[in-house]
Amino acid sequence: LGFEMRQVPGVDRAVALYNAKINLYTLADYRDGKFEVQDLASQTIGLVASPKPGERWFDACAGAGGKSLQLADLMERKGTVVASDIRSYKLEDLRKRARRAGFPNIMTREWDGKPLRAKQCGKFDGVLVDAPCSCSGVWRRNPDGRWTAKASEIAEMAALQLSILANASGGVRLGGVLIYATCSIFEAENRGVVQAFLADHPEFELEAFRHPLRDAMVADGMLQITPADEDCDAMFAARLRRKG
């Protein structure tokens, strides 16, 4: 086949490829929508969200939709994923990917990060905020970022992340789930944002969840994955529940 393939322990829908000597995007199975290429760290976000078939989810910062596709797949193509982004061209990429994979339960809507309209408030079983960030979690693939990142930019990103999280959280129904994620290693963008959000939104609380890659629980509701722990990028995820 031109590569070695191994099942990722504990992750039913993921396989790891090694020593690839071909372009995966040229394979017929890829063109037929039978698989997507995504770093394992990114796949952990959907596993932390753990959506159920028939639910309604809002992927607030969907980009080209890798996590939207994962949510829709975990939901067994039942229910709805509303994927939003401020960039219309990214949503067009998502629509192409959804058509290729045959997902009937993904809708796309542009969203500028401002407060949700009244008809959208409290309408979702789950909201995922995979926020724009410093991307420090992918430095192993883009090492120049270590020298170009500035402290002032981290502070600016944290303020933006908090604003997006606060505005998107309005979509969570009573008793629903809010997932906050970044591909960052910086505390200010991760736990710092979550703690600031909780200080202003006492209607939410952190919730323990199963570690997506190990047989263990994440007791405090916040997980930082690093390349030193797993063979993947760095990723942060927090799971919160709206009190009902």
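The values are calculated or read from the model by the stated rules, or taken from the named source; none is laboratory data. As the structure is a prediction and not an experimental result, all values here were calculated from the model. Glycine also receives a Cβ, built like all others from the backbone with ideal geometry; neighbour counts cover every protein chain displayed. Accessible surface is based on the protein model in full, side chains and every heavy atom, while ligands, DNA and RNA are left aside. Shrake-Rupley method; radii C 1.70, N 1.55, O 1.52, S 1.80 Å.
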Hey, with R₀ at 22 Å, roughly what FRET efficiency would R191 and A155 work out to, going by the Cβ-Cβ distance, to 0.05? 0.90
Report, to the nearest whole %, how much of the accessible area of segment 124-244 belongs to carbon and sulfur atoms, 1.4 Å probe, protein only. 54 percent
Could you pull out every residue, at least 5 positions away or on a different chain, whose amide H is within less than 5 Å of the one on G221? Hs are placed 1.01 Å off N in the peptide plane, and Pro or chain starts have none. F209
For log10 I(q)/I(0) by the Debye sum over Cα atoms at q = 0.07, 0.08, 0.09, 0.15 Å⁻¹, pick the label among (i) -0.31, -0.40, -0.49, -1.11; (ii) -0.28, -0.36, -0.44, -1.01; (iii) -0.22, -0.29, -0.37, -1.09 that corresponds to the value derived from the coordinates. (iii)
For segment 166-244, what's the radius of gyration and Dmax over Cα atoms, in angstrom? 12.9, 38
Computed over segment 1-105, protein heavy atoms only, probe 1.4 angstrom, the accessible area per residue in square angstrom equals 52 Å²
Taking only protein heavy atoms into account and a 1.4 Å probe, give the accessible area per residue of segment 106-244 in Å². 49 Å²
With only helices counted (DSSP H, runs n ≥ 4, each -39500 (n - 2.57)), the per-residue ellipticity at 222 nm for the chain, to the nearest 500, works out to -8500 deg cm²/dmol
Relative contact order of segment 58-134: what whole-number percent is it, with Cα pairs under 8 angstrom and at least 6 residues apart? 40 percent
Output the relative contact order of the chain, whole-number percent, from Cα pairs under 8 angstrom with separation of 6+ residues. 19 percent
Subset of K67/K90; K90/K243; K114/K150; K34/K78; K34/K67; K34/K96 violating a 22 Å alpha-carbon distance limit: K90/K243; K114/K150
